[in-house]
Amino acid sequence: MRIDIATLFPEMCEAVLGESILGRARKNNLVTVCCHNIRDYTLDRHNRVDDSPYGGGKGMVMQADPIFRCYEAVCELSGDKPHVIYLSPQGRVLTQQIAVEYSRMEHLFLLCGHYEGIDERIIEEIVDEEVSIGDYVLTGGELPALVLADSVIRLCDGVLSGSECFEQESHYNGLLEYPQYTRPEEWHGKRVPDVLLSGHHANIESWRMEQSLKRTETKRPDMFQEFQRRNSDKC
Ligand code: 9WO
């Protein structure tokens with residue numbers, strides 16, 4: 001899989017993509033992630049990428065042309081047409097299921113807006129889909145792009161080790177996680193549940209399942225309903 005990120009703040013993106021599991025995935029060539037500075041694609045001699053909005057109003061709007069030239073350079077570089085996603089509060093809200101869809105795609109192009117937005121015509125011209133990571137407004141699309149990239153990259157083959165990816169195919173899918181504990185056995189007077197110290201794997205498994213179900217039912221009744229619906233389909 002290949003992901004290109006078009007942004008005015010490539011260092012902000014690189015900082016996140018260079019660390020931890022994402023950094024390891026890139027180093028092992030399991031994914032190709034490239035950050036592009038939209039400012040490198042302006043033809044303006046002052047490197048302008050934004051201008052005031054037609055019709056008036058405060059702030060600045062990102063111009064269409066530098067974004068388009070960046071997109072064309074990525075098409076040229078990769079030799080294909082990526083699926084273009086604009087991170088915006090107006091998009092459909094990202095879910096695990098959508099992340100799974102994207103993880104099966106060859107090539108994503110994530111467009112990050114800044115300031116008061118981008119010229120509407122670039123959306124019409126190149127954007128396949130707008131995606132939101134939730135109903136709040138940020139200062140730019142970079143953090144949402146990184147959230148999306150993280151959710152997608154961890155699903156790519158080989159990115160998570162055996163122990164890290166056990167959740168992927170399991171019956172815990174669509175449920176909240178069971179509670180986790182590590183050393184020491186007692187901390188601030190609180191003991192680790194006995195079953196986890198018992199070494200009885202079948203009992204541990206059923207305790208964890210029960211915890212996941214209970215938690216999902218009380219904390220996320222919407223997810224619980226969906227889980228029940230999907231499991232009744234299977235019968
Ligand atoms: C700011 C603003 C100020 C005055 C008048 C109009 C205005 N619109 C905006 C605005 O929406 N700015 C956006 C900031 C432009 C595109 C990038 N920005 C952004 C993306 N904020 N929040 C997101 C986002 C993306 C995905 N999921 C959640 C939030």
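A few points about this structure:
Let's see how each residue does on (1) surrounded by 12 or more Cβ atoms within 10 Å (Cβ to Cβ); (2) farther than 23 Å from Leu30 by Cα; (3) in contact (Cβ under 8 Å) with a residue 12 or more places away in the chain:
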position: Val131; (1), (2), (3): yes, yes, yes
position: Tyr136; (1), (2), (3): no, yes, yes
position: Ser151; (1), (2), (3): yes, no, yes
position: Cys156; (1), (2), (3): yes, no, yes
position: Gly162; (1), (2), (3): no, no, no
position: Glu186; (1), (2), (3): no, yes, no
position: Val192; (1), (2), (3): yes, yes, no
position: Asn203; (1), (2), (3): yes, yes, no
position: Glu217; (1), (2), (3): yes, yes, no
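- Note on the range 105-115: among residues that are part of a loop (DSSP other than H, G, I, E, B) and more than 12 Å from the ligand (Cβ to nearest atom), the one that is nearest to the chain's Cα centre (by Cα) is Met105.
- Test: Leu111 is in contact with a helix residue (DSSP H, G or I) (Cβ under 8 Å, 6 or more places away or on another chain) and either at pLDDT 95 or above or closer than 26 Å to Phe68 by Cβ (or both): yes
- Scan the range 209-235 for residues that are outside any helix (DSSP H, G or I) and of a type in the set (D, E, K, R) and the total you get is 2.
- For the range 57-96, a residue qualifies if it is exposed (fewer than 15 other Cβ atoms within 10 Å of the Cβ) and within 15 Å of the ligand (Cβ to nearest atom), and the qualifying residues are Gly57, Lys58, Gly59, Gln90, Arg92, Val93, Thr95.
- Of residues in the range 168-184 being without any contact (Cβ under 8 Å) to a residue 12 or more places away in the chain and under 17 Å from Glu101 (Cα atoms), the one least open to solvent (accessible area, probe 1.4 Å): Asn173
- Residues being assigned to a helix (DSSP H, G or I) and hydrophobic (A, V, I, L, M, F, W, C) - total across the range 116-173: 11
- Scanning the range 38-56 for residues that are open to solvent by less than 70 Å² (accessible area, probe 1.4 Å) and among the hydrophobic types (A, V, I, L, M, F, W, C) turns up Ile38, Val49.
- Candidates Ile118, Ile122 - the one that is surrounded by 19 or more Cβ atoms within 10 Å (Cβ to Cβ), over 22 Å from the mean Cα position of the chain (by Cα) and within 30 Å of Arg69 (Cα to Cα): Ile122
- Scan of the range 129-159 for residues that are farther than 16 Å from Thr95 by Cβ and more than 9 Å from the ligand (Cβ to nearest atom), ordered by number: Leu146, Ile153, Cys156, Asp157, Gly158, Val159
The values are calculated or read from the model by the stated rules, or taken from the named source; none is laboratory data. Because the structure is a prediction, the values reported are computed rather than measured. When we count neighbours, we look across all protein chains shown, and the Cβ atoms used for this are built from the backbone with ideal geometry, even at glycine. Heavy atoms of the whole protein, side chains included, go into the accessibility calculation; ligands, DNA and RNA do not. Shrake-Rupley method; radii C 1.70, N 1.55, O 1.52, S 1.80 Å.
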